[in-house]
């Protein structure tokens, strides 16, 4: 049987990455956030009485070739900001109000410093 490490998954790096960003991410939480960082899903409670016939609108996007610029300049916080802004703009374009943001970070090899910079941008934009 193959272990995570043998398959190229570094659990220790993932744990270190989460420990670096946890407090920063929590600064984006409000009273409607019902779950903590690291769960299998994010739970968000909203006051339906504030809306007439509420409909939830979601968006997901990517930053495309801006990643190349980020790696050329070694500046990755802008990627997080751009990603949030792309998704928020898409939600606003259909007349909705953004309530929360979910992200996903994928990498062949986790560079914890790059990850932390991206999350810094995400939290700044949120």
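Name the residue, out of 105, 71, 101, 115, that is surrounded by 16 or more Cβ atoms within 10 Å (Cβ to Cβ) and at pLDDT below 95.
So the residue among 105, 71, 101, 115 that is surrounded by 16 or more Cβ atoms within 10 Å (Cβ to Cβ) and at pLDDT below 95 is 101.
Sort out which residues of segment 12-50 are exposed (fewer than 12 other Cβ atoms within 10 Å of the Cβ), under 19 Å from residue 107 (Cβ atoms) and under 16 Å from the mean Cα position of the chain (by Cα), and write them in order of number.
19, 38
Provide a single number: the residues in segment 61-77 that are under 13 Å from the mean Cα position of the chain (by Cα) and in contact (Cβ under 8 Å) with a residue 40 or more places away in the chain.
Residues meeting the conditions: 1.
Which one of the conditions (1) under 16 Å from residue 118 (Cβ atoms); (2) surrounded by 15 or more Cβ atoms within 10 Å (Cβ to Cβ) does residue 59 fail to meet, given that it meets all the rest?
Condition (1) is where residue 59 drops out.
So residue 9 ticks every box in (1) surrounded by fewer than 14 Cβ atoms within 10 Å (Cβ to Cβ); (2) within 15 Å of residue 125 (Cβ to Cβ); (3) free of Cβ contacts under 8 Å to residues at least 40 places away in the same chain but one. Which box is left unticked?
Going through (1) surrounded by fewer than 14 Cβ atoms within 10 Å (Cβ to Cβ); (2) within 15 Å of residue 125 (Cβ to Cβ); (3) free of Cβ contacts under 8 Å to residues at least 40 places away in the same chain one by one, residue 9 breaks only (2).
Hey, which of the helices (runs of 4 or more DSSP H) in segment 39-126, taking only ones fully inside, have at least 1 residues that are under 17 Å from residue 24 (Cβ atoms) and out of contact with any strand residue (DSSP E or B) (no Cβ under 7 Å at 6 or more places or on another chain)?
Those helices (runs of 4 or more DSSP H) span 77-93, 112-125.
Given (1) under 19 Å from the mean Cα position of the chain (by Cα); (2) under 21 Å from residue 112 (Cα atoms); (3) assigned to a loop (DSSP other than H, G, I, E, B), identify the lone condition not met by residue 7.
(1)
Hey, can you tell me all the residues within segment 12-38 that are in contact (Cβ under 8 Å) with a residue 24 or more places away in the chain and part of a loop (DSSP other than H, G, I, E, B)?
The answer is 27, 28, 32.
The values are calculated or read from the model by the stated rules, or taken from the named source; none is laboratory data. These figures come from a predicted structure and were not determined experimentally. Heads up, the Cβs are rebuilt from the backbone with ideal geometry, glycines too, and the neighbour counts pull from every protein chain shown.
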